1. Give the calculated FRET efficiency between D206 and D311 to the nearest 0.05, with a Förster radius of 41 Å applied to their Cβ-Cβ distance.
2. Label E231 and A183 with points 7 Å out from Cα along Cα→Cβ: what is the distance between them in nm?
3. Is segment 222-405 rounded, prolate or oblate when judged by the Cα gyration tensor, a ≥ b ≥ c being the square roots of its eigenvalues, rounded requiring a/c under 1.5 and prolate requiring a/b larger than b/c?
4. With the crude spin-label approximation of a point 7 Å out along Cα→Cβ, what separation in nm comes out for E116 versus R361?
5. Stretched out fully, how many nm does the piece from D198 to D26 gain, at 0.36 nm a residue minus the Cα gap?
6. For the chain, what does the helix formula give at 222 nm: sum of -39500 (n - 2.57) over DSSP H segments with n ≥ 4, over the residue count, nearest 500 deg cm²/dmol?
7. Taking the Cβ of each residue in H40, H365 as the centre, tally the other Cβ atoms inside 10 Å and list the residues starting with the fewest.
8. Looking at the square roots a ≥ b ≥ c of the eigenvalues of the Cα gyration tensor of segment 52-113, which shape do they give, rounded for a/c under 1.5, prolate if a/b is larger than b/c, or oblate?
Amino acid sequence: MSHDPVSSSWRADPRWRGAPRLDLADAADGCTRLVVVAAHPADAAVGAGGLIARAHEQGMAVYVVQLTAGPPDQHRLGAARAALAELVPDAPLVFLGAEDGRVEAVEGTVTTALVETIGDGRGTLLLAPWPGDGHPDHEAAGRAATVAARRTGARLLHYPVHLWRTRSPEDAPWPQLRGLELAPDELDRKRRAVAAHDARVHPLPDEPLEHLLAAVPAVDDELDVLHREREDPWGVEERWYEHRKRDLTLAVLPRRRFRRALEVGCSRGALAEALATRASATVAVDRSPMAVHLAQQRLGGDPSVTVAEYDVPTAWPAGEFDLVVLSEVGYFLSPADLDLLIERIAGALTDDGVVLLCHWRHPIHGWVLDGPDVHERFRASTLPAEAARYRDRDVEIVVLCHDRNWPDPAH
């Protein structure tokens, strides 16, 4: 059986050579680090060895996150490290220890590990297998990386490994494919890296062209899935913590009435319903279609409330607001998106506007930020200064408001 990584039908297709070229300097503009996800020991060298070598030559720090060591009787971590040394001497390789063939079973754990590795992703290019590659481990690794890119704000590129053997050119995502022309020394380093693995399965490449896939916009639908699986995922109707938190939120508002309030991340609408008792008009938004559906069911009878699907901060409702509320949502954004959200709020807040933040004080696993991080970023912004704060063991509520707009206790 031939193990040629690229079948002749691909090479014969004019689109193979005609794919738009990838300029790594442009794709990684502003990035100082490359994080490579590999489902199996040979994947990174075979699929993207040339790109990894070039990233190193361009001064990027390279990290490899290895998910499995291959089949139990063929553990090849040593080969993976030897291959990486040919591409990037002394680059760290982090082994997650997933079982070969069962990456999907630990996909959430992989996502969390990638988020913890990347952190604030604004300086990171994330390189991962293509989620449509045709191997379940590759596809699970690609999905986990896609979610991690959304949560961290990292740039994302995919590399195919099995695509060339399992699909025909007619099935290819040609609009996403980009060609990377390898210099002779890059091809030589890739050949040495691949040679560290079993030559019977991974023949040495002779094609000085790698194909990468420009990632589609990163998607993270975990919160939408949560709302679909559980109608009340946070227990807002049953838990005393949630009832008490809503009462505290209303109690710290500095004014009795507001003209137009905005709640970002309204979930099923419990807090928006309470805010509507204090505002002439209320806009409640969420990026989860199911959450919006549940909130519309709850609030559809109140003409003063508008519920809409917005992927904040990329999308933003029109108009000004004299009250903006974020309750337990800020840490579900990447650091870059949170900074953009703060800019959005600053641009939409009226001169007498109030911003109220309410967040869980304990660690949030699987995302970059936690509640204290979110509040500190708001305090450090150009928004009004902190005017009031409530804090207990579990929750902190912060009110940002100009002192001139704080109510006179004599009235």
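1. On the way: r = 44 Å, r/R0 = 1.08.
About 0.40, to the nearest 0.05.
2. About 6.3 nm, to one decimal.
3. Values: a/c = 1.29, a/b = 1.12, b/c = 1.15.
Verdict is rounded for segment 222-405.
4. Distance between label points: 2.4 nm.
5. On the way: separation 172, 0.36 × 172 = 61.92 nm, distance 3.42 nm.
Net length gain for the segment: 58.5 nm.
6. Numbers: 15 runs with 146 residues, N = 411.
Estimated from H runs of four or more residues: -10500 deg cm²/dmol.
7. Numbers: H40 25, H365 10.
Ascending number of Cβ neighbours within 10 Å: H365, H40.
8. On the way: a/c = 3.24, a/b = 1.56, b/c = 2.07.
Oblate, because a/c is 1.5 or more while a/b does not exceed b/c.
A short reminder: the numbers here are calculations on the coordinates, not readings from a lab. Note that the structure is a prediction, hence the values are computed from the model and not measured. Cβ sites come from the backbone with ideal geometry, for glycine too, and all protein chains shown count toward neighbours.
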